[in-house]
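Following: one structure in structure tokens, then a few remarks.
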Amino acid sequence: MSDVEPIVDSAQPEISSARPEASSDTLCTHLARQFIAKKGFEVARVPEVAKLYQLCEIVLTRSDGYSFGVLCMVDRDARPDATFPMPIEELEAIGQACLTYAGKVNGRTMPVSINVIEVGPTAPDQAGRLQAIKRSSLFAKVVPSAMIVDTTSGKVWSNGGIGFLKGPYHRFAEKILVSPGEADADLAPPAVIAAPRSFPLLTTAILAVLFAIFAAEIALGIGRWTQLLQPTIATLVAFGALSRDLVLQLGEWYRLLSAPFLHIDAGHLAMNAIGLFIAGRALEWLIGRAWFGAVYVVGALTGSLLSLALNPASAVSVGASGAIMGLFATMLVISVHFPPGAIRTGLQMNALYVLVPSLLPLASALKGERIDYAAHFGGAIGGTIIGLVLLSTWSKNDALPRFRHVAAAIAMAGLAALPYPVRSVLRGYQAMAFTTELIPPDKLPRSGAEMKTHTVELIAQYPRDPRPRFLRSIDLLDVGDLAGAEREARAGLAEESLWHAILPPQLGNGLRIMLAIALNTDRRDEALATARPACATVTDGPMRKMLDDRNLCGT
């Protein structure tokens, strides 16, 4: 991005007493008003152009933080014999002096353009005289050009084009010649909030939430985090990461809302935080907090939806990138609401610097990164839609877009929906965290017989895993230790709410059957009540035979 802000020198140039006076009713004056209203120019106030005021009725400048341009307009309707006699070397010297107002991109100063416009009836030698006002070389930092707006023939000549390409503002001047009667009252630029930019409160609040949730990922994570504060996949899933299998097969739709608040590591969070801050600083004050919040919500949701639709079923996706892409897409679309100048250029440059690398898979493929481009595109699509809505309904007389009550409703709906994923995450987190208490897959015995020979050892090492307790209860029943079998079965069932979604459902039925058998001798009613859920689901096999042999499913 540019490393300078738009500069306007408040010092007035020394205007010679010989300065031509502009007429208020000529095409030159009207064209100048058009440049001010539609192209972001203003009356020149920088002292470096003072000499131009001696030759031209109107001198305008435009600075957008990246480029700096000068228009020197000669009114031949007011002064038919007027010409622009300044030698090209002197004009280039003025341009060189104005380079201080040009911005820099990647450390390189951007060129300064100077366009001389003669408006009015043409003279035979006019084009030949102005032809010399052109760029001295392709790499020159000063770019002079000339244009003739012929009020007699209604034609425009310019020397700044190449081939079929016209010079700067050529087509713009042609349109003015075709329809010169536009009322000056209609030339007012779009209204912009005149007060200093307000503090990006909503942006800051969102950033605080993202950092707080990431801190929770690290502090309450399942398993140890690794380099760059990277939580485990189990942690991300427990906190609400997006996965098609979990959403479509288990109905965990809350993940569409929770995933945009999670990040895979500190670097991921830092990049998104920087992007969000840039978007918030540029956009929140410009469209208002209501629309900013609405864009964020819509971008987050459309990003999650496209990620869900396009990514592999087993992929786990997290990050606020979709919502942030939505903000930058909206920024790019609404930039054309403003005339050329600092606001439009700033919005476009900020948006393009983020959107282009974020939407080009090649950029990350070269770096070996894994990025959820589906979420990026989904967020950008949502942001583009919102931007088009704003663009079509935003009156230039209003400082903020219309329908802010609708935007507030969208933002509040997103906020009101958050308890759903929060509640689901809290419930799912307990179950997912419980997986760390189970026998690790690499230490799990390969067969039931192998596990059965190590049940006592496994129970001692993993007391919360119900699987060895189930086998231990069988062993105790075989030797007639009913109290021991009851103890192991109850211990295995004690935390069923945490493991029922993780381990096979047959395990719960097996533990109930073992408990019912242990109780059947002297607590028949309790045994029947304990066995009832298993009787309803276990219809055949060895376990059903154990129930039927003891008449535990009978009336």
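Descriptive notes on the structure:
- The set of residues in segment 130-144 that are under 13 Å from E89 (Cα atoms) and within 38 Å of the chain's Cα centre (by Cα) comprises A140, V142, V143.
- Of the residues making up segment 466-517, those that are modelled with pLDDT under 90, under 21 Å from Y429 (Cβ atoms) and in a loop (DSSP other than H, G, I, E, B) number 5.
- Residue satisfying condition, being polar (S, T, N, Q) and in a helix (DSSP H, G or I), within set T83, T61, T29: T29
- Selection status of T539, part of a loop (DSSP other than H, G, I, E, B) and farther than 25 Å from M432 by Cβ: yes
- A82 falls short on exactly one of the conditions (1) modelled with pLDDT of 85 or more; (2) surrounded by 21 or more Cβ atoms within 10 Å (Cβ to Cβ); (3) small (G, A, S), and that condition is (2).
- Looking at segment 354-462, the helices (runs of 4 or more DSSP H) lying wholly inside it that each contain 2 or more residues that are touching a residue at least 40 places away in the same chain (Cβ under 8 Å), among the hydroxyl-bearing types (S, T, Y) and surrounded by 15 or more Cβ atoms within 10 Å (Cβ to Cβ) sit at 419-434.
- Which listed residue is touching a Ser or Thr at 6+ places or on another chain (Cβ under 6 Å), part of a helix (DSSP H, G or I) and within 26 Å of F328 (Cα to Cα), from L269, L210, L202, L256: L256
- Test: residue in segment 324-342 that is farther than 23 Å from L391 by Cα, assigned to a helix (DSSP H, G or I), at pLDDT below 95 and not β-branched (V, I, T): no
- For G508, the criteria (1) of a type in the set (G, A, S); (2) under 24 Å from A433 (Cβ atoms); (3) surrounded by fewer than 16 Cβ atoms within 10 Å (Cβ to Cβ) hold in every case but one, which is (3).
- In segment 476-495, residue nearest to the chain's Cα centre (by Cα) [restricted to those that are closer than 21 Å to P440 by Cβ and surrounded by fewer than 21 Cβ atoms within 10 Å (Cβ to Cβ)]: E495
- Checking each residue in segment 254-281 for being over 13 Å from the mean Cα position of the chain (by Cα), small (G, A, S) and buried (at least 21 other Cβ atoms within 10 Å of the Cβ) picks out S258, A259.
The values are calculated or read from the model by the stated rules, or taken from the named source; none is laboratory data. Since this is a predicted model, take the numbers as computed values, not measurements. In this analysis, Cβ positions are derived from the backbone assuming ideal geometry, glycine residues included, and neighbour counts consider all displayed protein chains.
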